[in-house]
Amino acid sequence: MVRLEGRQWGLVALVALTPFFFAFLLAASAPGVVEPVLGTVLGGASWLLAALLGLLGGALFAGCLSTLAAMPGRPSATRRALHLVTATLVPVGLCIVPALCLMLAGPAIALQLEQGHALPQALRPRPTHPLLEGLRYQLPRVLRDMGGLHLR
């Protein structure tokens, strides 16, 4: 791993702290969101996982930047910009976007579960597929009861 320059560490910090920034922005714009986060285990866990994903995204970005810095020769400005955008898309797609989704969905689901409301349509169990229903009777009972293949 090649040692990064100061300005590159600034970019790494920017990527890593994105979930923290959005957490403060979300708390400032909608103070009612903070209560489910601090008051429920699911809400707090979702924001903690989002923060950890942000730090993981920063570490991944630092690795991508060190790989770019280790490339031999001096690439053109266009190629450098293209490599930087590509190196940014990897941690953003793998870590930052899921972290932001967790930050938005976690408190909402925790609040709905706490108030006893029905789950959102996307989280409700779907009826079993007819093909799976047919498989239920073809598999031995031991296999049906194993590993999440509980068909009703």
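The table below lists the values:
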quantity	calculated
Kirkwood Rh and Cα Rg combined as Rg/Rh, segment 38-122	1.23
Sites matching trypsin sites (Lys or Arg not before Pro) across segment 1-98 that sit in DSSP coil, with at most 13 neighbouring C-beta atoms within 10 Å	Arg3
Where segment 6-120 is the region considered: accessible area per residue in Å², 1.4 Å probe	59
Extension gain from Val85 to Met71, taking 0.36 nm per residue of separation minus the Cα-Cα distance	3.5 nm
Rounded percent of accessible protein surface that carbon and sulfur make up, segment 6-120, 1.4 Å probe	76
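The values are calculated or read from the model by the stated rules, or taken from the named source; none is laboratory data. A quick note: this is a predicted structure, and the numbers were derived from the prediction, not measured. As a convention, Cβ positions derive from the backbone with ideal geometry for all residues, glycine included, and neighbour counts pool all protein chains shown. Just the protein is used for accessible areas: all its heavy atoms, side chains included, with ligands, DNA and RNA removed. Shrake-Rupley method; radii C 1.70, N 1.55, O 1.52, S 1.80 Å.
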